[in-house]
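Scroll down for the structure; my scribbles are underneath it.
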Amino acid sequence: MKRSFVVLSLLALTSCAATATLYPANDAATKMGPLQATITRTGTGSGPITVTLPDGEVLNGRYSVNVGGSMGFGSLYGSVYGANGYASGSAFSSTYMVPNSSGGAADLMGPKGTTAHCEFMNNNWSGHGNGACQLSNGATYRVQY
């Protein structure tokens, strides 16, 4: 009996919902307003994500965090957080990893054909992070969770 209680408790802890807020980063997004995303944390570094648009369309998809590794991403993230709409570096550079953080991505799609692609940096200790999302209509958002 104790063993099943412990297993059920661990399962309950590994699957919980979190909310992310998407803040407008360009004119197209400003017209739509801020958005909310629901992220289901499964304890595996990936899981379902849902965003409801102002017109009622629900975008469903998956996120994935590349814990302890690297991945090629950043153009969307850089376009939202970089100066003048892009991020750049010099010809002389060194690699730097943000301690205890991992990059991640999410892709979503709605029944009306709207899609979204998101890139984010996740703090592996706290589970919080920030990123950027771009919808197929050109709206870009800053993401905080």
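Among the residues of the stretch 128-143, those identified as surrounded by fewer than 22 Cβ atoms within 10 Å (Cβ to Cβ) and either part of a strand (DSSP E or B) or in contact with a Cys (Cβ under 8 Å, 6 or more places away or on another chain) (or both) are Gly129, Asn130, Thr140, Arg142.
So Phe73 clears everything in (1) assigned to a loop (DSSP other than H, G, I, E, B); (2) modelled with pLDDT of 95 or more except one condition, right? Which one? All conditions pass for Phe73, except number (2). So for the stretch 77-99 (the condition being at pLDDT 85 or above, surrounded by 14 or more Cβ atoms within 10 Å (Cβ to Cβ), in contact with a Ser or Thr (Cβ under 6 Å, 6 or more places away or on another chain) and under 21 Å from Leu35 (Cβ atoms)), does at least one residue qualify? No.
The values are calculated or read from the model by the stated rules, or taken from the named source; none is laboratory data. Only a predicted model underlies this, so the values are computations on that prediction, with no experimental measurement involved. So basically every Cβ, Gly included, is an ideal-geometry build from the backbone, and we count neighbours across all protein chains shown.
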